[in-house]
C-alpha cells in the first residue's frame, strides 16, 4: 500500500489555516527571543529515527497476543509499512532488521523494494535469546538455554559467534553499517554460574565477532538488568557494557535502551557518562513504569526524555565531545494498539523532546550552574519544556511533504483498513 502525495497535500490543505495561525504565533515568540525559526524547523526535519522490523506487528506477552489484522507477513511488507510511516511523518527513513526473523533471501530484491520507497537499512540485530529452528532441536543441536556467548560449552559459543558474523554478512548485502548484540545471557539461581567466567567468555566471543566487522562498521553492546534471567544478567548495566566496549575495540559502542534500567535510574546521567567516554552508540526509544515495559516513547516520562536530549545536545550541537554519529531507533511492543499508530506516536514524542531541548538557553543554563543558582537552572529547563513546539514539528513535516498530523492522516486516509484489504486479518509478523 502506498499513500500518494496528492492525498497528503489535500489532507494538509484542509487543515492549513489552523496550523498556520499556531505556527505564526509561535514563530513570533521564538523570533523575539532570538531563535532562528527556519534553522529549528530544518534541524527537526533532518532528525530521523529508525523503525524496527519487529515493531510493525502486534506485540504480546506470555499470557496472550491480540492481532488486529493487516500485519506485514513478509520482509517486503515490513519495508512497505516503514515507507508509509515515512510518508506520513518524515521522521523515519530506515528499517532495522532482526535476524533470523528477517533473513533477506534475495538481498538485491529486498534492496529494490527499499529503494522504491526510499528506505535505508539501519543496524542489524542478532538473536541468540532463542534457539534456531533447525539447530537446538536436533540430536546434535546446540541450545542457548544456558546462554549463548557466555555458555560454558565452546560449541554453543561458536554457534552464537557464527550467527553474529552471518548477521554482518546479511547487513553488508543490504548496506547496513552496524551490528547490535543484545544478550539474554545470565543465570536464574545463585551458584548456577560463575559471574567472572561468564563475563570473560562474552568478552572473548565479542572480540571474535569484532574481527569480522568491515572497516566502516560499528558493533553495539546493549545492557539489561534482568529478563529473561532473573538472578543475574551478564551485561546488566551501562558500566558492564562500557567495559565490554572499551576492551573489545574502538568500533564497539554502548547502546542505551530506555527501558533497560531499574526503576528511577537517572538515565540522563548514564547518557552523560557514556558520551563523556566517547562510547555512546545511540538509543532504543520506549517508555516504562516498571522496567522493560516497551511502552510508547514519552507516554509516561516525557520530561525524562527531554532531559536526555538536554544531555545529548552537548554533543549534537557542540564540539566538546567526540562521538560517532548516534543511532536512533524505536524499540516498543504494541500489545493493545495499532502498531503503526503507536510508532507514529513514538516518533512524535521523540521529535517533541528534541525540539524542546533545542530551545534550552545553554549559555544561561551554564552560567546558572556555575553560580549554583538552582532555582534559575530549573526555570531555564522548564521554560523550554513547557513551550508548545508542536507547530514547529508540523511545519517540518509539511515542508517535507508529510502530513502535519500523522495520526489523523493515518485514520482519515483509512490506512489500516487498506492494509487489511490487501493482507487480510490473519497475517502475523515474523518473530511475533
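The values are calculated or read from the model by the stated rules, or taken from the named source; none is laboratory data. This one's a predicted model, so the numbers in the text were calculated from it and none came from an experiment. Reconstructed Cβ throughout: ideal geometry from the backbone, glycine too, with neighbour counts over all protein chains shown.
Got at least one residue in the range 388-405 being surrounded by fewer than 19 Cβ atoms within 10 Å (Cβ to Cβ), without any contact (Cβ under 8 Å) to a residue 12 or more places away in the chain and under 24 Å from residue 301 (Cα atoms)? No, the range 388-405 contains no residue that is surrounded by fewer than 19 Cβ atoms within 10 Å (Cβ to Cβ), without any contact (Cβ under 8 Å) to a residue 12 or more places away in the chain and under 24 Å from residue 301 (Cα atoms).
Residue 214 meets each of the listed conditions (1) in contact with a helix residue (DSSP H, G or I) (Cβ under 7 Å, 6 or more places away or on another chain); (2) assigned to a loop (DSSP other than H, G, I, E, B); (3) buried (at least 19 other Cβ atoms within 10 Å of the Cβ) apart from (3). Residue count for the range 67-94 satisfying the condition of being within 18 Å of residue 333 (Cα to Cα), part of a loop (DSSP other than H, G, I, E, B) and touching a helix residue (DSSP H, G or I) at 6+ places or on another chain (Cβ under 8 Å): 7.
Of the residues making up the range 140-160, just one is part of a helix (DSSP H, G or I) and in contact with a helix residue (DSSP H, G or I) (Cβ under 6 Å, 6 or more places away or on another chain), namely 157.
Would you say residue 422 is modelled with pLDDT of 95 or more and either touching a helix residue (DSSP H, G or I) at 6+ places or on another chain (Cβ under 7 Å) or within 17 Å of residue 306 (Cβ to Cβ) (or both)? Taking the combined requirement at face value, the residue does not satisfy it.
Scanning the range 3-57 for residues that are assigned to a loop (DSSP other than H, G, I, E, B) and either closer than 26 Å to residue 317 by Cβ or at pLDDT 95 or above (or both) yields a count of 9. Taking the range 173-196 as the range and being over 17 Å from residue 101 (Cα atoms) and either touching a helix residue (DSSP H, G or I) at 6+ places or on another chain (Cβ under 6 Å) or in a helix (DSSP H, G or I) (or both) as the test, the residues that pass are 195, 196.
Would it be correct to say that residue 266 is over 30 Å from residue 407 (Cα atoms), surrounded by fewer than 23 Cβ atoms within 10 Å (Cβ to Cβ) and at pLDDT 95 or above? The answer is yes for residue 266. What residue, among those in the range 298-323 that are within 21 Å of residue 93 (Cα to Cα) and modelled with pLDDT of 95 or more, is surrounded by the most Cβ atoms within 10 Å (Cβ to Cβ)? Among those that are within 21 Å of residue 93 (Cα to Cα) and modelled with pLDDT of 95 or more, it is 298. Scanning the range 118-131 for residues that are touching a residue at least 24 places away in the same chain (Cβ under 8 Å) and either surrounded by fewer than 18 Cβ atoms within 10 Å (Cβ to Cβ) or in contact with a strand residue (DSSP E or B) (Cβ under 7 Å, 6 or more places away or on another chain) (or both) returns 118, 119, 120, 121, 122, 123, 124, 125, 126, 127, 129. On the stretch given as the range 99-113, residues that are under 20 Å from the mean Cα position of the chain (by Cα) and under 12 Å from residue 78 (Cα atoms) total 2. Does any residue of the range 247-257 turn out to be part of a helix (DSSP H, G or I), crowded, with 17+ Cβ neighbours inside 10 Å and under 18 Å from the mean Cα position of the chain (by Cα)? No, every residue in the range 247-257 fails to be part of a helix (DSSP H, G or I), crowded, with 17+ Cβ neighbours inside 10 Å and under 18 Å from the mean Cα position of the chain (by Cα).
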